[in-house]
Amino acid sequence: MSHYRVAHLTNTLKLDGTGFTNSTTDLMLAHAAAGHEVAVFCHSSDDPMRQLLAEHGIEVFEDFDASSPKALLASARSHARQLRSYEVLHVHTVRTTLLTMLAAPLHFLRRSVSTLHNPYQRSVFVMYLTRRIVSISAADRDYVHRRTRGLRRPTPILNGTLGSGRLPSVESVEPADLPGKPIVYVGAIYERKGVDVLLKAMQRIREAVPGAHLYLVGNRDNPAMERLATDLGLDDVVTWVGFSPDPRAYMKAASVFVLPSRAEGFGNVLTEARSTGTPIVASNVGGIPEALSNGKAGLLVEPEDEEGLAQAIVSVLTEDELAARLRVAALTDLESASVQRAAREYEAVYATVAH
C-alpha cells in the first residue's frame, strides 16, 4: 500500500462534540496508524485535541487564519511553500478551501480533495473546485449532482466512527444511571435537529408510557428550546444533560435513542448508538437511512411528524419483541460503520490525486 503526505485543513479543531470534527479526527488517526504522514492546519484547537493528535504523531499548525480577507491573504502567503510539500490537500471547510486555493493554486488543482460535511450552505460551491469531492452519504451526492446540474458528482464515503482512537472501546463504557424508561437524544439543541418536534412528541409519550423520561445530551446554548419545554409543561419529564465527551454512556442506558432531524447529512451519533445495541428511532431524511443500513437498523419516521415520532417511540417502549429485534438489528453489519472502512475508501480517493 502506498503511503501519502496528507494535510487536512479546517477552521477549528476541538474535542467539543462537533460531528464533522469527530469524523475528521477519526480519519486522521486511522491514516496515521496506517503509516501515512498526517498534519492538520487550523485556526485554533484545544489542549485535549492537541494531546490526542500528538500521541498519534500528527502535527498541528494553528496559525491558519481565514477569519477575514486580510488574514486569509497573509496566511496564504506564509503557508504557500509548506502546502506544496504535501501530496494530498484535504479541505473540510469553505474558508480553508479558499485559503488553500490562494496559497498554492496549481497544487490545489492537482492535489485537492474536499469533504462536503454540509453541502446545504450557500457558499459551498467553492469546494466544488477541488479535484475530487467526497460526500458523506449517497443522498448528499445526489443533492450536489442536482444542484450543479450534473457537472459535479461527489464520491460518497459514509463517515466511519467505530474503532477510532478518539474514544475507548464501547465495551469499557459504563451505562449512565438513568431511572424510568429513558429516551435519549444526542446532538446540537437546534430546530434543524428536530428537538422541538421531539419535545412536542413527549406530550403524547408521557400520557402513553408512565415513567418515560427524555434526556437531551448536548451543549445548553439554546435557551429558547428550554423555554419551549417549560411552556409545554415538560420540565418533570425532560433533563438537559449538557455536553458529554462520550455520550455512549447515555446511549447504553437508553430504552430508545432518537434522532428527529429535519435535515442530516449522515448522523454520526446513529452509528455510535448502534454500537451500544440501543433501539433507534430516527427521521427518514438525508443520509440517516444509510447510517441505519438502509433503514434496517432502526425505525424511520417522516421529519416533523410529531404524532408518527411519538407512536414509534411508544411502540419501542411498550413492545418488548420489537425492542429486542431492533437491538439485534442495531448491532448487525457494523463493519460498514468502521473508521477503517472509511479510511480505506479515502485512500482510494487520495491515490487519484497524489501522483
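Just so it is clear, none of the values below were taken in a lab; they were calculated from the coordinates. Predicted, not measured: the structure shown is a model, and the values here were computed from it. Glycine gets a Cβ as well: all are built from the backbone with ideal geometry, and neighbour counts include every protein chain shown.
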Inset, instruction - Per residue of segment 26-33, in order, report the coupling 6.51 cos²θ - 1.76 cosθ + 1.60 (Karplus, θ = phi - 60°) as ³J(HN,Hα) in whole Hz, putting x for Gly and Pro. - result: 4, 5, 4, 5, 5, 6, 5, 5
Inset, instruction - Would you kindly calculate the translational diffusion coefficient of segment 258-355, applying Stokes-Einstein with the Kirkwood radius from alpha carbon pairs, for 25 °C and a viscosity of 0.890 mPa s, and quote it in µm² s⁻¹ without decimals? - result: 172
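Not counting the cut sites, what is the longest span of the chain without trypsin sites (Lys or Arg not before Pro) that DSSP labels loop and that have at most 13 other Cβ atoms within 10 Å?
Of all site-free stretches, the longest is 1-148.
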Inset, instruction - List the lysines whose Cα lies under 28 Å from the Cα of residue 70, skipping any in the same chain that are fewer than 8 positions away. - result: 14
Inset, instruction - In whole Hz, with x marking every Gly and Pro, tabulate ³J(HN,Hα) for segment 97-108 from phi via Karplus 6.51 cos²θ - 1.76 cosθ + 1.60, θ = phi - 60°. - result: 5, 4, 4, 5, 4, 6, 6, 9, x, 5, 5, 4
Inset, instruction - Just grab the label-to-label distance for residue 131 and residue 110, each label 7 Å out from Cα along the Cβ direction, in nm (one decimal). - result: 0.7
Legend entry - Where the Cα pairs of the chain fall when distances are cut into 20 Å bins, in %: 30, 55, 15, 0
Legend entry - GluC sites (Glu not before Pro) within segment 213-280, DSSP loop, no more than 13 other Cβ atoms inside 10 Å: none
Legend entry - Cα-based convex hull, segment 100-219, per residue volume (Å³, whole number): 176
Legend entry - Local electrostatic count at residue 238 - Lys and Arg +1, Asp and Glu -1, tallied over other residues with Cβ under 11 Å: -2
Inset, instruction - Specify the angular offset, from 0 to 90 degrees and rounded to the nearest 10, of the alpha carbon long axis of helix 306-318 from the longest principal axis of the alpha carbons in the chain. - result: 70
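Suppose only helical runs count, i.e. DSSP H with n ≥ 4. What mean residue ellipticity at 222 nm does that imply for the chain under -39500 (n - 2.57) per run, divided by all residues and rounded to the nearest 500 deg cm²/dmol?
About -12000 deg cm²/dmol.
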Inset, instruction - Rank these for me by crowding, 28, 49, 225, going from fewest to most other beta carbons within 10 Å. - result: 225, 49, 28
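On a full-extension model of 0.36 nm per residue, what is the gain between residue 78 and residue 46, subtracting their alpha-carbon distance, rounded to one decimal in nm?
Full extension from residue 78 to residue 46 adds 9.2 nm.
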Inset, instruction - List the lysines whose Cα lies under 28 Å from the Cα of residue 200, skipping any in the same chain that are fewer than 8 positions away. - result: 181, 252, 296
Legend entry - Amide H partners (placed H, <5 Å) of residue 283, local residues excluded: 259, 261, 301
Inset, instruction - Quick one: check the C-alpha center-to-center distance for segment 94-148 versus segment 160-184, whole angstrom. - result: 33
Inset, instruction - Please name which of 258, 130, 52 has its Cα lying farthest along the dipole of the chain towards the positive end, using unit charges on Cβ (Lys, Arg +1; Asp, Glu -1) and the Cα centre as origin. - result: 130
Inset, instruction - Mind checking the full-extension length gain between residue 33 and residue 172? Use 0.36 nm per residue of separation minus the Cα-Cα distance, one decimal, nm. - result: 47.9 nm
Inset, instruction - Treating each Cα of segment 170-337 as an identical point scatterer and ignoring solvent, apply the Debye formula and state log10 I(q)/I(0) at q = 0.08, 0.19, 0.20, 0.21 Å⁻¹. - result: -0.19, -1.26, -1.42, -1.60
Inset, instruction - Take the alpha carbon atoms of segment 249-317, find their center, do the same for segment 11-56, and report the distance between the two centers in whole angstrom. - result: 27
Inset, instruction - State the answer as a single residue: which of 163, 24, 239 lies farthest towards the positive end of the charge dipole of the chain, with beta carbon charges of +1 for Lys and Arg and -1 for Asp and Glu, about the Cα centre. - result: 24
